[in-house]
Amino acid sequence: MCIWDTATARVRQVLKGHHDAVSAIALHSAKGIAVSGSYDRCVAIWDLSAEKPMLILKGHADGIIAVTIGPDGTKALSASSDGDVILWDIECGRILRRWDAHRRGITFLSTLPNWQTVLTGSMDGTIKIWDLATGSCLQTLRSHLDGVSAGAVAPSGDYVLSGGSDGTLRL
């Protein structure tokens, strides 16, 4: 991974720690940390002032597709092509919760602003809304004729926009 200086368009620092392509990155600028996911099936926790990861987290059976960091910088979520979502304690590297979210690979992961609700989309054609505290599925949304390939949650958390392998966007 590279840390870029946007004013000079130069690389400030190169971070090495994954053994395959980096596929997802999340930043927590106030804490100076980042979380990355890779096709090497690992999640790395980075102190942005160091060149090596603070922690390498293993728990997925397939490549990581998406990561996000909680607002307090102590927890992270990762989603994988294996259909699993993992909630991590990134201070000690412990799995807090794991759930089999989808029958096929996850394509997007997002949280509502309160960081109590998680949305996942999958090539199984569904978007699922999860309670982060319990890991239970609150709702399953079905609309695409094929897989859900992308998704974004409105900043208010009131709606989600999804893109599908069927060539459509759904709101």
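Quick notes
- Given (1) under 14 Å from the mean Cα position of the chain (by Cα); (2) buried (at least 19 other Cβ atoms within 10 Å of the Cβ), index of the condition THR126 fails: (1)
- Residue within the stretch 105-112 that is outside the structural domain of ILE56 (by TED's automatic domain parsing) and loosely packed, with under 14 Cβ neighbours inside 10 Å present: no
- Which numbered condition ARG41 misses (of (1) farther than 21 Å from VAL148 by Cα; (2) touching a Lys or Arg at 6+ places or on another chain (Cβ under 9 Å); (3) of a type in the set (D, E, K, R); (4) loosely packed, with under 15 Cβ neighbours inside 10 Å): (4)
- Taking the stretch 132-166 as the range and being free of Cβ contacts under 8 Å to residues at least 12 places away in the same chain and over 18 Å from ILE106 (Cα atoms) as the test, the residues that pass are THR134, ALA154, ASP158.
The values are calculated or read from the model by the stated rules, or taken from the named source; none is laboratory data. Worth saying up front: this structure is predicted, and the values here are computed from it rather than measured. Neighbour counts are summed over all protein chains in view; Cβ atoms, including those assigned to glycine, are modelled from backbone coordinates with ideal geometry.
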